[in-house]
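So the structure is just underneath, and the comments pick up after that.
The values are calculated or read from the model by the stated rules, or taken from the named source; none is laboratory data. Model, not experiment: these values are computed from the prediction. All Cβ positions, even for glycine, are placed from backbone atoms using ideal geometry, and neighbour counts span all protein chains on display. The area values use the complete protein model at the heavy-atom level, side chains included, leaving out ligands, DNA and RNA. Shrake-Rupley method; radii C 1.70, N 1.55, O 1.52, S 1.80 Å.
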Amino acid sequence: MGNSVIEINSKNGSYPVIIGDGLINRVDTFIPEKYKSGKILVVTDVNVNRLYAKKLSLSGEVYFYVVKAGEKSKNLKTVEKITEFMLDKNFSRTDLIVALGGGVVGDIAGFTAAIYERGIDFVQIPTTLLAGTDSSVGGKTAVNLSKGKNIIGAFKAPVLVVFDTETLYTLPEEEIKSGLGEVIKYALIDGKIFDAIDKEAIDLKEVITLCVECKKRYVEEDETDLSIRAVLNLGHTFGHAIERKYGLKHGVAVGEGLRIIVKACYDKGVLPKDEYEKIIALFDRYGVEKFDKPVADLFPAIKFDKKIRNGKLNVVLIKGVGKCEIRKFDVEKFGAFFI
Ligand code: NAD
Ligand code: GLY
């Protein structure tokens with residue numbers, strides 16, 4: 001099978017998401033000509049740098065900025081240091097940033113691109129399952145404050161996304177598991193994805209393509225996350241609280257958050273038994289873990305969710321595979337639905 005190419009229409013122009021095998025040493029062929037006479041800054045982390053920096057084909061005046069791996073790098077200090085590096089190298093607005101790595105690098109590089117000299121173009125080269133199916137597409141970029149995740153951010157669409165699925169061969173098992181959290185989220189949102197993963201032999205490229213096509217539909221309708229895009233946050237209200245409170249990987253925490261939502265929807269009669277059992281069987285097949293503490297322990301963290309508006313918390317509920325509903329809860333009373 002050849003490459004999949006999905007065109008995402010953004011209000012600042014459209015961009016292709018190219019998914020295929022062995023693309024990392026052909027990235028140059030996808031980069032628009034206008035960037036090849038300028039400077040390119042590749043932002044990556046130590047692990048990805050070691051594995052892929054030499055394989056990445058780029059022409060022109062190319063610099064690398066390497067951050068420590070992991071969520072701890074996703075802060076304003078890192079962004080400040082990158083912008084200082086760019087200024088030292090005389091980067092201007094017509095130059096380019098390339099994010100090479102997982103969601104952490106994508107968020108750091110994307111946010112830097114959004115603010116450097118009021119905006120410079122950037123390319124996403126995701127190398128994790130989570131980044132290739134979710135975070136590299138849709139233009140959300142952000143860094144964390146010590147008091148909250150993704151608090152400082154911007155919408156900044158990339159000009160190109162290239163996902164070489166062969167990079168997944170070097171991804172540690174625990175990171176595959178984390179990426180599966182987001183893939184399973186997509187499977188609950190879109191029945192086609194559910195069917196594509198609810199079997200023994202899955203076609204990974206097909207699944208990744210379906211996830212990106214699903215994200216495309218929500219992002220194109222609601223790019224700045226004011227309405228329907230919130231569906232993509234299925235499992236995230238609890239997932240973000242688990243991630244922050246217990247330091248779990250993003251996708252693993254999202255998986256546990258999905259289990260909390262699915263159980264509550266079943267208990268409260270929103271999700272019928274046959275659909276509930278079908279979803280639980282999928283969770284079990286992929287080893288999505290249960291949150292093993294009282295759900296109420298998460299309520300204090302959720303009260304600070306950045307999506308609370310006028311005292312109302314938007315939570316995505318599930319009525320069946322492919323049938324989600326955004327429900328507004330009073331922030332002081334939402335807990336009753338989940339215990
Ligand atoms: P990550 O970027 O921390 O990568 C996980 C680990 O895998 C790192 O140690 C990294 O060095 C290593 N790695 C990356 N690619 C590799 C490869 N091919 N081979 C071997 N090792 C590799 O984590 P992630 O799960 O990709 O991303 C999580 C982040 O994404 C979180 O900060 C989350 O908030 C963010 N996110 C953003 C969006 C968005 O729309 N912007 C959506 C979902 C998640
Ligand atoms: N990952 C959720 C979103 O992009 O909206």
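If only Cα atoms are counted, what is the Rg of region 1-83, and what is its Dmax, in Å?
My reading of the Cα-based Rg and Dmax gives 14.9, 43 Å.
Over its Cα atoms, what ratio of radius of gyration to 2.2 N^0.38 Å does the chain give?
Working: Rg = 19.6 Å, N = 339, 2.2 N^0.38 = 20.1 Å.
My calculation over the Cα atoms of the chain gives 0.97.
What's the angle, to the nearest 10 degrees (0 to 90), between helix 103-115's Cα axis and the longest principal axis of the chain?
For 103-115 against the chain, the angle is about 60 degrees.
Accessible surface of S14 in the full protein assembly, 1.4 angstrom probe, to the nearest 10 Å²?
In the full protein context, S14 sits at about 60 Å².
Sort E61, E325, E332 from largest to smallest accessible area, using a 1.4 Å probe on the heavy atoms of the protein chains. Display every interim value, and only then the final one.
Working: E61 85, E325 50, E332 130 Å².
Ranked from most to least accessible, the order is E332, E61, E325.
Send over a whole-number figure in Å² for the accessible area per residue of the chain, probe 1.4 Å.
Numbers: 14980 Å² over 339 residues.
Per-residue value: 44 Å².
Provide the solvent-accessible area of S59, counting protein heavy atoms only and rolling a 1.4 Å probe, rounded to the nearest 10 Å².
Estimated to the nearest 10 Å², S59 gives 40 Å².
Let's test this: bin the Cα-Cα distances of region 63-177 at 10 Å from zero up to the farthest pair and state each bin's percent.
With 10 Å bins starting at 0, P(r) equals 15, 48, 31, 6, 0.
Rank K177, K263, K290 by accessible area, highest first, at a 1.4 Å probe radius? Before the final figure, lay out each step's value.
Working: K177 75, K263 95, K290 145 Å².
Ranked list, largest accessible area first: K290, K263, K177.
As a check on your grasp of the helix formula, calculate [θ] at 222 nm for the chain: sum -39500 (n - 2.57) over DSSP H runs of n ≥ 4, divide by the residue count, round to the nearest 500. Provide the component values of the computation, followed by the final result.
Details: 11 runs with 125 residues, N = 339.
For the chain, the value works out to -11500 deg cm²/dmol.
Need the C-alpha centroid separation for region 229-259 versus region 131-174, integer Å.
When both Cα centres are located, 15 Å separates them.
Using a 1.4 Å probe on the protein heavy atoms, what percent of the accessible area of the chain belongs to carbon and sulfur?
Working: 7640 of 14980 Å².
Of the solvent-accessible surface of the chain, carbon and sulfur hold 51 percent.
May I ask for the equivalent-ellipsoid semi-axes of region 51-114, computed as the square root of five times each C-alpha gyration tensor eigenvalue and listed largest first in whole Å?
Gyration-tensor ellipsoid for region 51-114: 18, 16, 10 Å.
Got a sec? What order do F304, F337 fall in by accessible area at 1.4 Å, biggest, i.e. largest, first?
Sorted by accessible area, descending: F304, F337.
Excluding G320 itself, calculate the net charge of residues whose Cβ lies under 13 Å from the Cβ of G320, where each Lys or Arg counts +1 and each Asp or Glu counts -1.
Around G320, the surrounding residues sum to -1.
Please report, in cubic angstrom per residue, the volume enclosed by the convex hull of the alpha-carbon atoms of region 187-285. Present the calculation step by step, with values, prior to reporting the outcome.
Numbers: hull volume 12.0 nm³, N = 99.
Cα convex hull per residue, to the nearest whole number: 121 Å³.
What are the ³J(HN,Hα) couplings of region 19-36, residue after residue, when phi is run through the Karplus curve with 6.51, -1.76, 1.60 and θ = phi - 60°? Round to Hz, x for glycine and proline.
Values per residue, Gly and Pro as x: 10, x, 8, x, 8, 4, 8, 10, 3, 3, 6, 9, 6, x, 3, 4, 8, 6 Hz.
Could you name the aspartates and glutamates whose alpha carbon sits less than 15 Å from that of K147, not counting residues in the same chain fewer than 8 places away?
E71, E243, D305
If ligands, DNA and RNA are left out, what is the accessible area of F111 with a 1.4 Å probe, given in Å² to the nearest 10?
F111 exposes around 10 Å² with every protein chain in place.
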